[in-house]
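Before any comments, here is the structure.
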């Protein structure tokens, strides 16, 4: 029987989350909020529904994360002028202020995480994980 890929990914996910906590906490966000914040930093002005699609979670999880980031003053909701039923999400001034340093900290964390790999190994693992992720996107 082949070793379980799902099990190793699950274990790694928990271990990475524990380490990532130390990286993101100084910026006033949680590991769970980091993905939403960084997605908005790259896709400023999207709707909450679009954010849900981009991070591949359910709407209630997105709503909780958006509310938490909004309460922390890192994002804001504005009514979409083209469609008043929609609200668009934007980083606030405070969000834009922490983004550069948070981004650097995350890059450093990723480099530390993958430092034992050659570029070829990194690309192989990344490509394999992308293929696996795409199976869940369908």
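Could you say whether any residue in the stretch 123-132 is surrounded by 14 or more Cβ atoms within 10 Å (Cβ to Cβ) and assigned to a helix (DSSP H, G or I)? No, the stretch 123-132 contains no residue that is surrounded by 14 or more Cβ atoms within 10 Å (Cβ to Cβ) and assigned to a helix (DSSP H, G or I).
Table: residues versus (1) touching a strand residue (DSSP E or B) at 6+ places or on another chain (Cβ under 7 Å); (2) more than 30 Å from residue 113 (Cα to Cα).
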position	(1), (2)
14	no, no
22	no, no
25	no, no
38	no, no
50	no, no
66	yes, no
85	no, yes
93	no, yes
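Within the stretch 62-90, the set of residues being touching a residue at least 24 places away in the same chain (Cβ under 8 Å) and closer than 13 Å to residue 33 by Cα comprises 62, 65, 66, 68, 69, 72, 74, 75. Take the conditions (1) closer than 22 Å to residue 14 by Cα; (2) out of contact with any helix residue (DSSP H, G or I) (no Cβ under 7 Å at 6 or more places or on another chain); (3) surrounded by 15 or more Cβ atoms within 10 Å (Cβ to Cβ); (4) at pLDDT 95 or above; residue 57 misses just one of them, which is (4).
None of 67, 88 is out of contact with any helix residue (DSSP H, G or I) (no Cβ under 8 Å at 6 or more places or on another chain) and surrounded by 14 or more Cβ atoms within 10 Å (Cβ to Cβ) except 88.
In the stretch 70-84, of all residues being surrounded by 12 or more Cβ atoms within 10 Å (Cβ to Cβ) and at pLDDT 90 or above, the one that is farthest from residue 25 (Cα to Cα) corresponds to 77.
Among the criteria (1) under 18 Å from the mean Cα position of the chain (by Cα); (2) modelled with pLDDT of 95 or more, the one residue 120 does not fulfil is (1).
When residue 29 is tested against (1) surrounded by fewer than 17 Cβ atoms within 10 Å (Cβ to Cβ); (2) modelled with pLDDT of 95 or more; (3) in contact with a helix residue (DSSP H, G or I) (Cβ under 7 Å, 6 or more places away or on another chain), only condition (1) is not met.
The values are calculated or read from the model by the stated rules, or taken from the named source; none is laboratory data. Predicted model, so just to flag it, every value in this text is computed and none were measured. Ideal geometry is used to build each Cβ from the backbone, glycine not excepted, and the neighbour counts take in all protein chains shown.
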